[in-house]
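This report refers to the structure that appears directly beneath it.
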Amino acid sequence: MNGYFIGNRPAININLNGDIIACIIDTGFNGSLMLSNEYIKKAELPRISSDIITIADGSEIVVPTYICSFEWCGKNVEVETIGVNAEENLLGMSLLSNLRLTVDLMGEVVEIKRIK
C-alpha cells in the first residue's frame, strides 16, 4: 500500500463502507483507528463500549469505542475504533503489526508492506 504526506506527516487512505478516509499514521498511538465522531455518526458504526485513553499531553479522557470493518493490506479486518472530537483520523500501531512501514520524507515515500 502506498501512502502520501499531509504536511510532513505520513498518511494512508482506507476504504470504510465505500468512503475513502485519510488517516494520519501515528506511531505513538497503540490502538487501531481513531476516527472523528462526525464520520462515525455518518457511517453509523455500532458502539460497543467506552475506554480511558492517555492523550499526547499525558492526560486521560473517556472515549466511546465502536466496531469498524474494512479491507487492510489485502485482508478483511474488524477492529475496535475510538471516536473523538477531531478533524483528523489516526491509524495506529495495532494495524501495523507484522507489516513494514517505510517513511522517507526526502523521497516523499510512504509504503506499507506485509512481511513474508
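What follows is calculated from the coordinates using simple rules that are stated; it is not laboratory data. What you are looking at is a predicted structure, and each value in this text was computed from that prediction instead of being measured. So basically every Cβ, Gly included, is an ideal-geometry build from the backbone, and we count neighbours across all protein chains shown.
Side notes on the structure shown:
- Selection status of Pro64, touching a strand residue (DSSP E or B) at 6+ places or on another chain (Cβ under 6 Å), touching a residue at least 40 places away in the same chain (Cβ under 8 Å) and not in a loop (DSSP other than H, G, I, E, B): no
- Number of residues in region 14-35 that are out of contact with any Lys or Arg (no Cβ under 9 Å at 6 or more places or on another chain), assigned to a strand (DSSP E or B) and surrounded by 13 or more Cβ atoms within 10 Å (Cβ to Cβ): the value is 8.
- Close pairs from region 1-24: first on the phi < 0 side of the Ramachandran plot, partner part of a strand (DSSP E or B) and loosely packed, with under 12 Cβ neighbours inside 10 Å, Cβ under 7 Å, at least 6 apart: Asn13/Ile20; Asn15/Glu71
- Whichever residue in region 59-90 is among the hydroxyl-bearing types (Ser, Thr, Tyr) and in contact with an Asp or Glu (Cβ under 8 Å, 6 or more places away or on another chain) and, among such residues, is surrounded by the most Cβ atoms within 10 Å (Cβ to Cβ): Tyr66
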